[in-house]
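The values are calculated or read from the model by the stated rules, or taken from the named source; none is laboratory data. None of these values were measured; they are calculated from a predicted model. Every residue, glycine among them, receives a Cβ derived from its backbone with ideal geometry; neighbour counts consider all protein chains shown. Please note that ligands, DNA and RNA were not included when accessible areas were found on the heavy atoms of the full protein model with its side chains. Shrake-Rupley method; radii C 1.70, N 1.55, O 1.52, S 1.80 Å.
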Amino acid sequence: MTTLNWLEKLVAIDTTSRNSNLGLIETVRDALAAQGLKPWLAGNAEGTKANLFCTLPAEDGQTQGGIVLSGHTDVVPVDGQPWSSDPFKLTDKGDGRLYARGSCDMKGFIASSLALVPNAIHMPRKKPLHLAFSYDEEVGCVGAPVMLAELKARGIRADGCIVGEPTSMQPVVAHKGGYFFHCRVHGRAAHSSLTPQGCNAIEYAARLICHIRDLADAWRTQGPYDEAFDVPHSTITTNLISGGIAINTVPDFCTFNYDFRHLPGHSADGIQAEIQRYIDEELLPRMKREYDGARVELECGAAVAALNASEQAAITALVRALTQDQGVRKVAYGTEAGQFAQAGIPAVLCGPGSIERAHKVDEYVEVEQLAQCDRFLHRVAESLCR
């Protein structure tokens, strides 16, 4: 099938992150198996979602080394978005764009990768080509670590990875890391007329939130900075909060979520250690003077490793050579590329479509971008023949 055929098939399967992705994964698995390949799956604990990994061996049967083409299969919801066409049907309006949820983020790259396979199978490759398709990237890059752990268990190594996020087919060499925390503040309830008998969880949560904002303000004014990023400093923000049961009751419970996006080199452990220090040394002692049973719980919901690709890495040099692009691009959003790099597989981003169209109403990918991706991936496969 062509890239457009594959894209039409892939976007028709609703893989919104809250749903299973098995319909898509099994479709791809069966298509690859029908071509004589041996894809394998690595799923979540519930058995409702899976990653797919498939190796096109080298001419001599070698399966070690080579290049990974990586993409995530899940998409964000369309709820409340006034689409002008069916978001799960590839729509060509005659303007050079193909509209559908996931068309650019990032089923376009997956479609191009799959369309490459029939030709790549017969190439006289000296090294293998691998396909890696993951689940639950959009909710914190949850699926890729499961696949990477399985790669390690199977002893599979690769020389480099191209993650096909929508970069307008331009190399991106770095992105921020992202950590998402859930905080639970436990105080003691009391009638609001007897306030001294209680310990107000909302008010103490507010103190912690203000401390978090102080950290954000300090990074914005004092750095560290990297001007190559669109947002050149680390950020941290509180995005959800809930607490209290009645207007006349001192609340004994408050929860909130915060996330920070840190520059490569700005220690995530150090950031979280400062928040924990404030809790242990300043917040909790004040709370316990009011109620000895007070406590604060922190839980990491997701962790996305930062990416800072080496310009000396072979995969970086290859992608730059094939795109003839030496621009230094760094982005604030997180991807699975940082997780591949953390696992010892150097990675860069390069894929069709624009991130500015991702997640939005009437998401689209340009036909020319897909054609450009097809040519690029063919040259990637050819590079393994040398």
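What to note about this one:
- Region 59-182 shape via C-alpha gyration tensor axes, a/c threshold 1.5: oblate
- For region 1-137, the gyration tensor built on C-alpha atoms gives an oblate shape. Its axis ratio a/c (a ≥ b ≥ c) is at least 1.5, and a/b is not larger than b/c.
- Loop sites in region 81-141: trypsin sites (Lys or Arg not before Pro), DSSP, at most 15 other Cβ within 10 Å: Lys89, Lys93, Lys126
- Region 139-243: C-alpha gyration tensor shape, a/c 1.5 cut-off, then a/b vs b/c: oblate
- Helix-only CD estimate at 222 nm, as mean residue ellipticity for the chain, using -39500 (n - 2.57) per DSSP H run (n ≥ 4): -9500 deg cm²/dmol
- Added length on full extension, which subtracts the Cα-Cα distance from 0.36 nm per residue, Glu297 to Leu194: 34.5 nm
- Principal-axis tilt of helix 201-222 within the chain, Cα atoms, nearest 10 degrees: 50 degrees
- Separation in nanometres of the label points that stand 7 Å from Cα toward Cβ, at His122 and Gln372: 2.9 nm
- Seen against the Cα atoms of the chain and their longest principal axis, helix 107-121 is set at about 30 degrees.
- Listed values (1) 43, 23, 20; (2) 61, 26, 17; (3) 35, 24, 22, entry calculated as semi-axes √(5λ) of the Cα gyration tensor in Å: (1)
- Springs between Cα atoms under 10 Å define the GNM used for the chain, and in it the highest mean-square fluctuation of Tyr135, Tyr225, Tyr364 occurs at Tyr225.
- Cross-link pairs exceeding 23 Å in C-alpha to C-alpha distance, out of Lys38/Lys89; Lys9/Lys126; Lys38/Lys176; Lys9/Lys360, comprise Lys38/Lys89; Lys9/Lys126; Lys38/Lys176.
- For the pair Glu290 and Trp40, the difference between a 0.36 nm per residue extended length and the Cα-Cα distance amounts to 84.4 nm.
- Accessible surface, per residue, of region 5-78 when the full set of protein chains is kept, probe 1.4 Å, Å²: 39 Å²
- Here the chain exposes an accessible surface that is 51 percent carbon and sulfur, computed with a 1.4 Å probe and the other protein chains kept in place.
- Using alpha-carbon coordinates, inclination of helix 22-33 to the longest axis of the chain, degrees: 30 degrees
- Placing dummy labels 7 Å off each Cα toward the beta-carbon, the span from Gln81 to Thr249 is 3.9 nm.
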